[in-house]
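Computed from the coordinates by the stated procedures, all read-outs in this text should not be read as laboratory data. Keep in mind that what you see is a predicted model, and the values were worked out from it rather than measured. Glycine also receives a Cβ, built like all others from the backbone with ideal geometry; neighbour counts cover every protein chain displayed.
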Amino acid sequence: MLLDSIHSPTDLKRLSMSELPQLAQEIRQFLIEKLSVTGGHLAPNLGVVELTLAMHYLYDSPTDKFLFDVGHQAYVHKMLTGRMDRFDTLRQKDGLCGFVKRAESEHDVWEAGHSSTSLSGAMGMALARDMQGRANKVIAVIGDGALTGGMALEALNHIGHEKRKLTVVLNDNEMSIAPNVGALHNYLGKVRSDKTYRKAKDEFEWLLRKVPAIGGKLAKTAERLKDSLKYLVVPGMLFEEFGLKYLGPVDGHDTEKLIEAFRQADKCEGPVLVHILTVKGKGYSPAEADSHKWHGITGSYKIESGQVLKPVGPPMYTEVFGNALIELAEKDERIVAITPAMPGGSGLLGFAQRFPGRMIDVGIAEQHAATMSAALAMEGMKPVYAVYSTFLQRAYDQVVHDICRHNANVIFAIDRAGFVGGDGETHQGVYDIAYLRHIPNLVLMMPKDEYELRRMLATAVAYDDGPIAIRYPREQGRGVAMDDELAPIPIGSWEVVRDGDYAAILAIGPMVHVAEEAAELLKREGLSVRVVNARFVKPLDEAMLAQLAKERLPMLVLEETAVAGGLGSAILEHYAQQGLKPTVQLAGIPDRFIEHATIKEQRAEVGLTAEEAAKHLRSFALLKRQRQTAN
């Protein structure tokens with residue numbers, strides 16, 4: 001096998017051009033086999049095999065800089081840069097990262113788990129190169145879906161203005177995670193399908209090459225004619241209007257044509273956009289047929305049938321949310337769902353089928369989705385903005401300025417709150433409490449189980465006094481009974497799920513179950529621990545906090561979120577304002593990024609387990625004895 005001889009890009013360059021198609025086939029087979037065990041982003045990587053081969057074959061990484069927009073499409077890049085032997089550990093604790101990782105290899109020069117950042121990164125690297133007098137190439141790979149992100153368009157605008165030498169590879173597969181939407185997608189569709197333009201363009205360039213020694217006015221006239229042809233057949237030529245030389249469309253699965261396109265790009269002055277056409281999931285029929293489903297597989301699958309082996313047991317919180325939203329929308333015509341290119345991941349596919357006119361996919365545009373939701377609310381609708389915690393970070397200003405400042409009645413359905421497992425650092429949903437709870441007018445809550453999620457969604461729909469947010473984890477529910485009645489929960493109310501008089505654990509979300517386990521451990525030691533479901537982070541249940549302080553119960557706050565700015569911080573702030581000094585310990589995520597592993601392993605790494613919680617609580621007895629001795 002050719003693949004066995006590839007340990008670095010230098011080995012790749014020793015192959016002939018005619019051997020690259022065979023190598024591409026071997027790479028695809030390798031990925032299909034390895035990911036059938038570990039899971040991972042299969043379809044995106046099958047689609048960029050020839051592209052990645054062409055880049056490493058022609059250019060000199062890491063001197064030449066490759067920036068992958070969203071690093072989950074860099075598996076082939078990892079294979080070609082000496083990491084093939086680590087694919088058995090993909091997305092596992094201390095194993096190969098599922099995204100580009102600078103600490104992992106000198107060839108990984110740009111990390112990204114969120115889309116639309118590569119062009120800004122490429123511009124920065126091109127500027128640094130020119131300022132330092134170097135001559136290396138800078139190549140950014142961005143998908144047609146990511147190009148709809150506002151940050152990408154901002155970067156295009158600057159790239160065209162500066163005219164620095166860099167290459168933008170537009171990987172056009174008509175998909176992001178879900179099928180792409182929007183005017184830019186439709187524009188690319190015209191370029192992609194217009195055979196008349198492509199044929200006329202090729203014939204005109206052939207004619208120019210046949211005219212000997214074109215120069216002076218004749219050359220300028222020919223260039224104007226060529227530009228006129230573009231405008232005649234493909235209106236706008238958007239990228240050239242931005243100031244980038246446009247090359248393409250090019251077959252993204254023909255290595256020889258790709259290399260030739262890159263060579264042409266290298267001869268051009270200033271920035272160039274190479275438009276390539278690829279098939280997401282190329283080479284594996286189940287992934288080609290449903291690249292949405294095969295974008296990212298969290299578990300294993302059967303290669304022959306394409307059957308994904310899903311975990312048995314209770315439904316995921318995401319599924320519970322989607323079904324509850326349909327139930328509520330049946331009774332309330334004001335409800336409209338908004339997603340930034342994540343209808344499947346956010347559990348909204350069923351809603352889209354049932355209410356196609358009330359489902360809005362804005363593409364990768366989190367900021368636009370937030371502000372649009374504010375306007376929908378102002379005009380009497382009930383917008384439900386379904387978004388991952390990690391992606392809501394991108395719309396912080398819009399949440400403050402356009403939603404909360406106006407007290408707009410927007411419902412935030414914040415999925416993937418807490419640890420997310422194999423996606424790791426870039427996707428951990430552990431910062432949203434810190435960046436949301438300090439904003440005026442916002443109500444923020446988290447359920448302890450899937451039934452409480454249903455009730456919280458009903459609470460949010462019944463609430464008319466401003467923005468309200470529900471955060472829920474990326475995991476299966478607890479398997480609790482699901483009452484048909486979706487009764488709202490009084491805003492700001494906590495509940496005691498287990499009584500006790502030794503100490504209290506104030507927990508939210510999945511940590512309520514961990515708290516109950518810790519209380520059970522201590523019960524065997526004769527210690528009675530109260531467990532409180534502190535389901536509202538804002539407003540706090542001030543009456544219960546006052547009662548806990550009155551009883552002088554030492555408290556442990558247990559939360560799967562950043563300690564800085566989290567629920568524990570809110571409780572300490574409250575007691576400080578009241579002039580009270582009860583014993584309060586905080587257990588959450590420390591001030592560092594937590595890398596990829598299973599959710600269970602990530603919780604263990606930061607001490608969010610029943611055993612560690614029990615240790616905290618035992619320390620209260622020691623603290624009490626020390627105080628008694630001191631007195």
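What order do you get for 158-165, 23-30 when each peptide is scored by the mean count of other beta carbon atoms within 10 Å, highest first?
My ranking of the peptides, most packed first, is 23-30, 158-165.
Under a cut-off of 16 Å between alpha-carbon atoms, report the aspartates and glutamates in cross-link reach of K165, not counting same-chain residues fewer than 8 places apart.
Within the straight-line cut-off, K165 pairs with D64, D130, E240, D266, E269.
Separation of the stretch 259-281 and the stretch 80-138 by C-alpha centroid, Å?
The two parts, judged by their Cα centres, are 20 Å apart.
Give or take rounding to whole Å, what are the principal axis extents of the alpha carbon atoms in the chain, in descending order?
Ordered largest first, the chain gives principal extents of 100, 56, 52 Å.
Give me, ordered by chain and number, the residues 5 or more places off K93 or on other chains with an amide H under 5 Å from its own placed amide H.
T598
How much of the pair distance distribution for the stretch 317-471 lies past 20 Å, counting alpha-carbon pairs only, in percent?
Within the stretch 317-471, distances greater than 20 Å cover 42 percent of Cα pairs.
Just to confirm the filter: which GluC sites (Glu not before Pro) across the stretch 241-316 are DSSP coil and have at most 10 other Cβ within 10 angstrom of their Cβ?
Passing both the DSSP loop test and the Cβ count: E269, E304.
For the chain, with the dipole built from +1 on Lys and Arg beta-carbon atoms and -1 on Asp and Glu ones, taken about the Cα centre, which of Y463, M237, M131 lies farthest toward the positive end?
Checked the options; the winner is M131.
Report the net charge of residues surrounding S300, where surrounding means a beta-carbon distance below 15 angstrom and charges are Lys +1, Arg +1, Asp -1, Glu -1.
Its environment carries a net charge of +2.
Let me know the charge dipole size of the stretch 317-471 about its Cα centre in debye, to the nearest 20, where only the beta-carbon of Lys, Arg (+1) and Asp, Glu (-1) is charged.
Computed charge dipole of the stretch 317-471: roughly 140 debye.
Pairs K280/K310; K13/K600; K282/K310; K78/K267: which are spaced more than 31 Å apart, C-alpha to C-alpha?
Listed pairs above 31 Å: K13/K600.
How are the alpha carbon pair distances in the stretch 122-167 distributed across 5 Å bins from zero to the largest one, expressed in percent?
5, 21, 30, 23, 13, 6, 2
Could you give the angle, 0 to 90 degrees to the nearest 10, between helix 567-578's Cα long axis and the longest principal axis of the Cα atoms of the chain?
50 degrees
Residues with amide H under 5 Å of A408's amide H, sequence separation 5 or more or different chain, H placed in the peptide plane at 1.01 Å from N; which?
For A408, no residues qualify.
Rounding to the nearest 20 debye, state how big the charge dipole of the chain is about its Cα centre with +1 on each Lys and Arg Cβ and -1 on each Asp and Glu Cβ.
For the chain, the charge dipole is close to 1100 debye.
Straight-line reach from K523: which aspartates and glutamates have a Cα under 16 Å away, not including same-chain ones fewer than 8 places off?
Partners found: D499, D501, E611, E612.
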